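The values are calculated or read from the model by the stated rules, or taken from the named source; none is laboratory data. As the structure is a prediction and not an experimental result, all values here were calculated from the model. Heads up, the Cβs are rebuilt from the backbone with ideal geometry, glycines too, and the neighbour counts pull from every protein chain shown. Note: accessible area is taken over every heavy atom of the protein model, side chains too, but ligands, DNA and RNA are not part of it. Shrake-Rupley method; radii C 1.70, N 1.55, O 1.52, S 1.80 Å.
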Amino acid sequence: MASPGDLLFGLRTKLIIAFSLVALAALAIAGSTFVAVRRNDERKEALNRVIAASPAIYGDLAYLERFGGSGADYANFVKTDADQFDVRILLIERSSGVVALDSADRLTGQKLALPDQYDVVQPGPGRRPAYVSWRPEGGSPADDLILVSSVAGNARAPAQNDPYGVLLAVPRATIANAWRGLLPQAGIATAIALPIAVLLGILVANYISRPLQQLTLASQSMAEGVYDVEVSVDRRDEVGRLAQTFSVMARRVGETHAQMRALVANVSHDLKTPLTSILGFAQALRDGGAKGDEEARRVGAVIYEEATRLSARLNDLLYLAELESGQLILQRDEIDLSRLVGGALDRFRAGAETRGVDLTAELPAGITVNADGPRIERAVENLLDNARKYTPTGGEIHVRDYASNGRVCIEVKNSAPDVTADELPRLFERFYRRDRTRGNEHARAGTGLGLAIARELVEVHGGTLTAALHDEEIAFTISLPAAAELQPPKAKQASPET
């Protein structure tokens, strides 16, 4: 398995290569477009260079014709002007179209077929073209040239006082290959742009891959059991949101792991005590330690009591696991809250009076809710059982239900002079029992799961269960939608405020 560094180095390298290839492709496209556009410009520039020299050449020719130059003068004119202006000059006999003189000494004596149609080289705005050009037909002596004349028909004019006409020639290969002169410029542009593109590619690749490297290292730490990881990425894009989500996930996984360890420790502790009692008294019975029927009955009663406590813990654990797994199926009916809560109160009244606790209720008729009656009833019983255990002798338990803003509420309030605000969030923790430090005999009979189960039962109905302190009284309030809908199972967040 490759290490994260190798994997991310590969990713970084691929990003750099990708950016470089994109830069090369962009340069190739831009260069090709530039060459295609400039090719026509270079062709025009080559012709324009010839045309720019033509006035002086035509002026020299007119001078010779005016003063009657000899053949040697004409030959000198062609040679001198061709060298001076770096252009090929053809001196044409107007009457026959035969090349009298060629500065390149290749077409002298050859007859050129002059076309009827010409290409405009440099049109004059609002007047006939000043210069025209054409390409001789293939197979003709000058088929490798582009010929330029001063005016249309110049070389075909009838022989009068001007026996010769001048054609300026541009090799077709010169124009066809004019774009090649742009290649060095394109090469220089590529040599400058490519290193810059690679540098930018490195910067962008690092910008993208650095958070991924942190995420990879953090995931490795989680795989090794270290959940206290934080991926710090100061970005608001998708990678930044991924890093933030990963950090939240790592924190919650760590909290869940810690809670699971605490759960195992609590379960082990709570199961160990009754099991130890059961094993000890069972051994006493086996070894004959119980003398007489009365002693045997006492030992049997202890074993039965401890087994009952053990069974209650296991049943509550299984029930809580069923709730959290989302496997609980609700059977909804229209429930009369006053009847449901009143029935639960009747079952707890005798036990409360035995402890000297005043149990009162305020249950107006006509308040209903669409819910699973037995499940809500169990949640209410868990709250009443918790209140009965922790209300001091001479205290009061008050129960009421009411409707408010489209919700129905059940409130169980009891005296709690020793509960602090800091302790409220822990009341819903599994296995949290205040009796561990207060020595409450009635509370020791509990499993420490009653409030956790009550909250799960309420939440699966789409409601909430909250606790609040006021004037040395603690109030647990169940709030349910009047027309509740079954809520999908939620991902449990491991926190003290479950």
Exercise. Under 44 Å from the mean Cα position of the chain (by Cα), modelled with pLDDT of 90 or more and not hydrophobic (A, V, I, L, M, F, W, C): does that describe Thr477?
Worked result: yes
Exercise. Would you say Glu377 is touching a residue at least 24 places away in the same chain (Cβ under 8 Å), among the acidic types (Asp, Glu), open to solvent by 30 Å² or more (accessible area, probe 1.4 Å) and farther than 25 Å from Ala452 by Cβ?
Worked result: no
Exercise. Would a scan of region 296-312 turn up a residue that is touching a residue at least 40 places away in the same chain (Cβ under 8 Å) and of a type in the set (A, V, I, L, M, F, W, C)?
Worked result: yes
For this session: For residues that are open to solvent by 70 Å² or more (accessible area, probe 1.4 Å) and either among the acidic types (Asp, Glu) or over 55 Å from the mean Cα position of the chain (by Cα) (or both), tally how many sit in region 358-372.
Result: 2
Problem set entry | Checking Ala250 against (1) more than 30 Å from Leu24 (Cβ to Cβ); (2) surrounded by fewer than 17 Cβ atoms within 10 Å (Cβ to Cβ), the condition it does not meet | (2)
Problem set entry | Residue among Ala52, Ala18 that is among the hydrophobic types (A, V, I, L, M, F, W, C), farther than 30 Å from Arg106 by Cβ, at pLDDT 75 or above and loosely packed, with under 15 Cβ neighbours inside 10 Å | Ala18
Problem set entry | Criterion: on the phi > 0 side of the Ramachandran plot, modelled with pLDDT of 75 or more and open to solvent by less than 90 Å² (accessible area, probe 1.4 Å) - qualifying residue of Gly280, Gly225, Gly240 | Gly225
For this session: Select from region 84-98 the residues that are in a strand (DSSP E or B), of a type in the set (A, V, I, L, M, F, W, C) and buried (at least 16 other Cβ atoms within 10 Å of the Cβ) and list them in ascending order.
Result: Ile89, Leu90, Leu91, Ile92
Problem set entry | Residue, nearest to Arg210 (Cα to Cα), within region 227-259, restricted to residues that are without any contact (Cβ under 8 Å) to a residue 24 or more places away in the chain and among the aliphatic types (A, V, I, L, M) | Val233
Exercise. Does Val121 fit the bill of being under 60 Å from the mean Cα position of the chain (by Cα) and either open to solvent by less than 80 Å² (accessible area, probe 1.4 Å) or at pLDDT below 85 (or both)?
Worked result: yes
For this session: Go through the residues of region 334-357 one by one and say whether even a single one is of a type in the set (Gly, Ala, Ser), loosely packed, with under 12 Cβ neighbours inside 10 Å and more than 44 Å from the chain's Cα centre (by Cα).
Result: yes
